[in-house]
Protein chains: 2
Amino acid sequence: MSEHTVIFQPSGRRGKIKEGETLLEAARSLGVEIESICGEKKTCGKCKVQVEEGFFEKYGVDSKMSNLTGWTPDEDRMLSSAEKENKYRLSCLAHVQGELLVFVPEESRGGQQVVRKKAGKLKYKPDPALEIFYIEMSAPSLHDPEDDFLRVAKALKEKHGREVGKIDIYCLKTMADTLRKAKWKVTVFVWNDQVVRVVPGEVEKYYGIAVDIGTTTVAAYLTDMKTGRAVAVDSKMNPQVIYGEDVMSRITYAMQNPGVGLEKMNAAILKALNELIGSLVEEIGVTRDDILEMTLVCNTAMHHILLGLNPEHVGVAPFPTAMAPAMDIKARDMGLDINKSGNIHILANEAGFVGADNCGVLIAEEPYNSEETVLVIDIGTNGELLCGSKKLGVVSCSVATGPALEGAQIKFGMRAAPGAIEKVEIDSETLEPRYKVIGKTDWHTHIHEIDAKGICGSGIIDVVAELFRTGIIDRGGRFSKHAPTKRLVKDPDTGQMEYILAYEPETSIGKNISITQGDVRAIQLAKGSIYSGAVIMMKRLGIDKLDKVILAGAFGSHLNQFSCMFMGMFPDVDIKNVYAVGNAAGDGARLVLINRDKRREADEMARKVEYLELTVYENFERVFMEAMQFPHMTDSFPSIQHVLDEIPNWKKIAKEKNA
Amino acid sequence: MSEHTVIFQPSGRRGKIKEGETLLEAARSLGVEIESICGEKKTCGKCKVQVEEGFFEKYGVDSKMSNLTGWTPDEDRMLSSAEKENKYRLSCLAHVQGELLVFVPEESRGGQQVVRKKAGKLKYKPDPALEIFYIEMSAPSLHDPEDDFLRVAKALKEKHGREVGKIDIYCLKTMADTLRKAKWKVTVFVWNDQVVRVVPGEVEKYYGIAVDIGTTTVAAYLTDMKTGRAVAVDSKMNPQVIYGEDVMSRITYAMQNPGVGLEKMNAAILKALNELIGSLVEEIGVTRDDILEMTLVCNTAMHHILLGLNPEHVGVAPFPTAMAPAMDIKARDMGLDINKSGNIHILANEAGFVGADNCGVLIAEEPYNSEETVLVIDIGTNGELLCGSKKLGVVSCSVATGPALEGAQIKFGMRAAPGAIEKVEIDSETLEPRYKVIGKTDWHTHIHEIDAKGICGSGIIDVVAELFRTGIIDRGGRFSKHAPTKRLVKDPDTGQMEYILAYEPETSIGKNISITQGDVRAIQLAKGSIYSGAVIMMKRLGIDKLDKVILAGAFGSHLNQFSCMFMGMFPDVDIKNVYAVGNAAGDGARLVLINRDKRREADEMARKVEYLELTVYENFERVFMEAMQFPHMTDSFPSIQHVLDEIPNWKKIAKEKNA
């Protein structure tokens, strides 16, 4: 089969590509990131590229002899006539047939998301499953010829009261020589009833690593096992992003590429984890061999891909996972490059889409110990909700928010990367917006330097809340044709109304950035699904009022809580009792790393939480339709009436809370 | 570094050999087996080869320019002047410096030992640690979205009352698809609390493999786990033999070749085991993947080499093993090619040189359940003894028999391979011998076809016993110069007396086969060490009479029990109560494979047996010196006086017992 040179601009990456590969596949193989939200289902239209050379060069549009295969009906539908004229193609639909020079426009480029995962202080005392003990022994003699292992076991018992019955084979391979070299004075690493490492002399400090594998971001916390403190933190993009932006597209990718798809994504995440481990141990001056325990949280799809399990079934109702309980897997069996005898502890999946990450949230926030009734919302591509209290017990559910809240399926949506509009306010009088762009220190007021490229999740939530607050959209989410602002226009291509947030001269993409009627609908679906989940859970618990709402997840920390509440993302609650807790899933991973009671608690509570499958709830559709509406100001939010009464004041509160 | 072509005859094997390698190393790398009993310690003189071309060709004996390095003092000592004249060298001492044609004389060729390990019927009811269960489940639904694992666990509990909490990661990788393909009707393999395999439909039969890794022979028993029957048996030489004939030479080899020595021997035994597994599963028409449990017994040195553990320490007093308790290791971690989720169970080492093989003997013979006082002798390169009863408890010890009983360190000793003299009788009147050669159906009487090549262990024991019985040697083991036989001669080279068992025309090695004074001494040392071990154990137990003696080991089955007793290998006992039980260690491996109570019993009893370190016993040396003597006819064996009274009669009994 012949190969052709393909070059991507502006990165300049080039290489030989096999005839018949799509431009998207070519880009991936050359390390060029192109947005692909739908996982090549030909529905998102995000993977646009402009063909600079090789476009039907020789024989015209329909010829099989051109350097790219011809138009497809999907492209006809998703590309505007202007784009077609400018030689745009969807890279997932155009197949290489000859040499090409391709330009990836900024709006299609996969950007490095801004990763902000801090490690707070954990309130639990360290008592890790992995322990170390210093022991001294006498050497074997003819009168005491006992084997090395029982000699070590006896010393552990006598000096520390610790019983062991096993030893990992890889540890055993070097133990005899270590004991003799160290003159029988060693530090022993014990994991459960197993000796996993023996090192000469007395070791004071030792470390473990807790990891939160998100769909988009992977965060790793290297933790001092004696103090429980995260002494080094690092994070990176989940490299699986190039195979699909959300879990469903990755599941689709695995299904459409049997064998290789799963294998590639599995290899990608393992590589990323091994790189993170490498940079963390280097940062504090230890080695990979010094790490003998890792804990992992992730959603069910990430869980399956990480373990090399077919993720197909978790993508189809009723979304059964292969394995709910927590697992302990030897590092060597997972391909993770720490000590071969090291253990990887993966927290329990709760059920369906409620994965180990939610189990992390569960034990970090402990709703089952709360005197108050609390709703925990972990917002991501899927929302996972927990609701309950010590008295009521805890229920969980998963809601399909879709990727809108993270900026996907939004016309100008993007990840929280430089150039993204992340905060928006609309003036109640003039209906003019002001916005803040990631990577800029100041608010953008149409005066400063211009580089808006799109809108990320927090920006979208802000703008929709503001459009509603200022009356530009009504309770049903429809644009009011009579709103007195010239920013409200009709898209000539689609006939849809849209609100122009940034005019073309203020952007770096050569066109207006706007919020369309479709965007508003997508946000309504997302917030409605969370709200309806909360309502059904409250019904199940027999309550009609929440005491507290916790927004978990790095994403949740960046939301304007007032915007969320104002647009009706969750039921009424005193805004003072709405908290953003950051990466609670990561906190959970750290807790089980340093405290074995928490580990037991995680396994136990994951099973005790009652999972509600919302779609089988009899009134689900009615509840959901109602939840999609924006709220009545007065009826829906008794708790914040005093705030709403004075508009400038709630802004002040919101600002303080989101500073 | 330059390479030279080296050819070995009569096999005709040839290849390029790096300059500086010894002829023995060259032979190994070309797959030519040369006897090497001492493990290249330059003491055995067994690795003789005749150099046909390239012998000091160009520049004489001492030249560094010849095709072999020059004489060594060790060769001067160990080669006769005739051998030197005929260009014999010791292959471990001559280094390649140019092209060579080398002849390996028959006496130096490593022969395939005759492997005779049969599998008898075990008396325990199968109740294996690895179980299978057929279950049927309903598919997940929105009302019952439970994960696959808990669904399987629930079905196991409900239908079979069996609880599981874990699943092996490699099993999990394919389970989801298997369950769906099989429409939720599957057979589940459960090992302890762990699901290790899921296959579609109902499986009736399943198998495990028990293996006895001897220093010389590896025997494997593929066992039907439901009936407990060994349905296929295979065995092969332990390929480590080329690195040394006994455990000490292999330990020495590992020490003298740090890193690579252990690695090579480890790879060799794993390869042999994987070949055995392959031929066994093929024989009954299953696959490697169908095997999920193996049990192993072996001595402590084999144990360490098999697991890749440095065997150095088990070779030096006080011989501490790295690990005494039984181990369970995943097949994938050992490099054994069965199902990746399969388990390898290695029985407990008792202490020092008393390894897992003796643990196998222990639970097969159960002296701890015996109403009679029993002595169990597992004769090999090392003898391992057990002594005791239900009432007295059980003590064990290891005795350094040396390799003499297996034919090594005996002038014409060889393994029990074709050409070996295996049975000997000497006529009381004429003092003429008759003998039986392995590979011949009839007794050799100097009339039939001639092909004796050497003497194997059972033959040596016979001949020494017969020499003593007929008065050719006295109680001290000295040849009686006045014995009326022309077969008693003096070796002109050494001045030692020897008894010619076969004259040169009757042999295939071109010389007389004789028993030397040194050979008799070696056998005295061996039998004396066993006898003294027995005596000390009996003292420790406070008894002066045995009820029963059990000779364990394939080797033990081939011994003339009367010869053993007659020469004083063990204390007096009624000859009717001397039993050969065959491969009891292998029986032990099979028992723990099919019965989990026996597995628990093995762990427990291995710890309960009291190990006696003979060398620290205060009268050890005196006891040993006495035990080396041949016994007083009348004083030592009251139990067989009635037999000894009529010489022809005891021969008849011996013949019946050893038929």
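The values are calculated or read from the model by the stated rules, or taken from the named source; none is laboratory data. Remember, it's a predicted structure, so these values are computed and weren't measured experimentally. Virtual Cβ from ideal backbone geometry, glycine too; neighbours counted across all protein chains shown.
Pairs meeting the criteria (first residue in the range A:354-374 and free of Cβ contacts under 8 Å to residues at least 12 places away in the same chain, second residue in a helix (DSSP H, G or I), beta carbons under 9 Å, at least 6 apart or on different chains) are A:Glu366/A:Glu601; A:Glu366/A:Met605. Within the range A:135-147, the set of residues being within 13 Å of chain B (Cβ to nearest Cβ) and closer than 25 Å to A:Met225 by Cβ comprises just one member, A:Met137.
Yes or no, residue by residue, for (1) modelled with pLDDT under 95; (2) surrounded by 24 or more Cβ atoms within 10 Å (Cβ to Cβ); (3) part of a strand (DSSP E or B):
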{"residue": "B:Ala348", "(1), (2), (3)": "no, yes, no"}
{"residue": "B:Ile363", "(1), (2), (3)": "no, yes, no"}
{"residue": "B:Glu384", "(1), (2), (3)": "yes, yes, yes"}
{"residue": "B:Cys387", "(1), (2), (3)": "no, yes, yes"}
{"residue": "B:Ser398", "(1), (2), (3)": "yes, yes, yes"}
{"residue": "B:Leu405", "(1), (2), (3)": "yes, yes, no"}
{"residue": "B:Ile410", "(1), (2), (3)": "yes, yes, no"}
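Just so you know, in the range A:308-335 the residues that are buried (at least 23 other Cβ atoms within 10 Å of the Cβ) and in a loop (DSSP other than H, G, I, E, B) include one that is farthest from the other protein chains (Cβ to nearest Cβ), and it is A:Pro311. Just one of (1) of a type in the set (Val, Ile, Thr); (2) farther than 30 Å from B:Lys42 by Cβ; (3) touching a Ser or Thr at 6+ places or on another chain (Cβ under 7 Å); (4) crowded, with 18+ Cβ neighbours inside 10 Å fails for B:Thr223. It is (3). Screening the range B:200-216 for residues that are in contact with a helix residue (DSSP H, G or I) (Cβ under 7 Å, 6 or more places away or on another chain) and buried (at least 24 other Cβ atoms within 10 Å of the Cβ) and picking the one that is nearest to B:Asp290 (Cα to Cα) gives B:Gly208.
Confirm whether A:Glu275 is more than 14 Å from chain B (Cβ to nearest Cβ) and among the acidic types (Asp, Glu). Considered against the rule, which asks whether it is more than 14 Å from chain B (Cβ to nearest Cβ) and among the acidic types (Asp, Glu), A:Glu275 comes out as yes. Please go through the range B:125-153 and pick out each residue that is in contact (Cβ under 8 Å) with a residue 12 or more places away in the chain and either among the β-branched types (Val, Ile, Thr) or exposed (fewer than 14 other Cβ atoms within 10 Å of the Cβ) (or both). If the condition is that a residue be in contact (Cβ under 8 Å) with a residue 12 or more places away in the chain and either among the β-branched types (Val, Ile, Thr) or exposed (fewer than 14 other Cβ atoms within 10 Å of the Cβ) (or both), then B:Lys125, B:Ile132, B:Ile135, B:Glu136, B:Ser138, B:Ala139, B:Val152 are the ones that fit. Looking across the range A:164-173, the residues that are at the interface with another protein chain (Cβ under 10 Å from one of its Cβ atoms) and assigned to a helix (DSSP H, G or I) come down to A:Ile169, A:Tyr170, A:Leu172, A:Lys173.
Scan the range A:174-186 and tell me whether some residue there is among the small types (Gly, Ala, Ser), within 11 Å of chain B (Cβ to nearest Cβ) and touching a helix residue (DSSP H, G or I) at 6+ places or on another chain (Cβ under 6 Å). There is at least one residue in the range A:174-186 that is among the small types (Gly, Ala, Ser), within 11 Å of chain B (Cβ to nearest Cβ) and touching a helix residue (DSSP H, G or I) at 6+ places or on another chain (Cβ under 6 Å). Residues that are touching a Phe, Trp or Tyr at 6+ places or on another chain (Cβ under 8 Å) and either β-branched (Val, Ile, Thr) or within 26 Å of A:Asn595 (Cβ to Cβ) (or both) do occur in the range A:294-306, at least one of them.
If the condition is being within 20 Å of B:Gly208 (Cα to Cα), in contact with a Ser or Thr (Cβ under 9 Å, 6 or more places away or on another chain) and either charged (D, E, K, R) or surrounded by fewer than 21 Cβ atoms within 10 Å (Cβ to Cβ) (or both), then the range B:172-197 contributes B:Gln194, B:Arg197. Being touching a residue at least 24 places away in the same chain (Cβ under 8 Å), assigned to a strand (DSSP E or B) and within 11 Å of chain A (Cβ to nearest Cβ) is a property that holds for B:Val195.
For the condition away from chain B (no Cβ under 11 Å), surrounded by 22 or more Cβ atoms within 10 Å (Cβ to Cβ) and assigned to a helix (DSSP H, G or I), A:Ile269 does not qualify.
Flag set for A:Asn369, criterion: polar (S, T, N, Q) and more than 20 Å from A:Asp212 (Cα to Cα). Inclusion of A:Glu202 among residues that are over 35 Å from the mean Cα position of the chain (by Cα), outside any helix (DSSP H, G or I) and within 14 Å of chain B (Cβ to nearest Cβ) is not warranted. Return yes when A:Asp337 is out of contact with any strand residue (DSSP E or B) (no Cβ under 9 Å at 6 or more places or on another chain) and in contact (Cβ under 8 Å) with a residue 60 or more places away in the chain and no when it is not. It is true that A:Asp337 is out of contact with any strand residue (DSSP E or B) (no Cβ under 9 Å at 6 or more places or on another chain) and in contact (Cβ under 8 Å) with a residue 60 or more places away in the chain. Can you confirm whether the range B:220-232 contains a residue that is part of a helix (DSSP H, G or I) and either under 25 Å from the mean Cα position of the chain (by Cα) or within 14 Å of another protein chain (Cβ to nearest Cβ) (or both)? Checked the range B:220-232: no residue is part of a helix (DSSP H, G or I) and either under 25 Å from the mean Cα position of the chain (by Cα) or within 14 Å of another protein chain (Cβ to nearest Cβ) (or both).
Within the range A:130-163, the set of residues being within 25 Å of B:Thr615 (Cα to Cα) and assigned to a strand (DSSP E or B) comprises A:Ser141, A:Asp144. Selection of the range A:583-612 for residues being assigned to a loop (DSSP other than H, G, I, E, B) and either free of Cβ contacts under 8 Å to residues at least 40 places away in the same chain or over 22 Å from the mean Cα position of the chain (by Cα) (or both) yields A:Val609, A:Leu612. Just so you know, in the range A:281-307 the residues that are aliphatic (A, V, I, L, M), away from chain B (no Cβ under 14 Å) and surrounded by 23 or more Cβ atoms within 10 Å (Cβ to Cβ) include one that is nearest to A:Gly586 (Cα to Cα), and it is A:Val297. The numbered conditions (1) in contact with a strand residue (DSSP E or B) (Cβ under 6 Å, 6 or more places away or on another chain); (2) more than 11 Å from chain B (Cβ to nearest Cβ) are all true for A:Gly214 except (1). Do we have A:Asp357 as touching a His at 6+ places or on another chain (Cβ under 7 Å) and within 21 Å of A:Asp597 (Cβ to Cβ) here? In short, no. Looking across the range B:336-364 at every residue that is among the charged types (D, E, K, R) and over 21 Å from B:Ala400 (Cβ atoms), the one that is nearest to the other protein chains (Cβ to nearest Cβ) is identified as B:Lys340.
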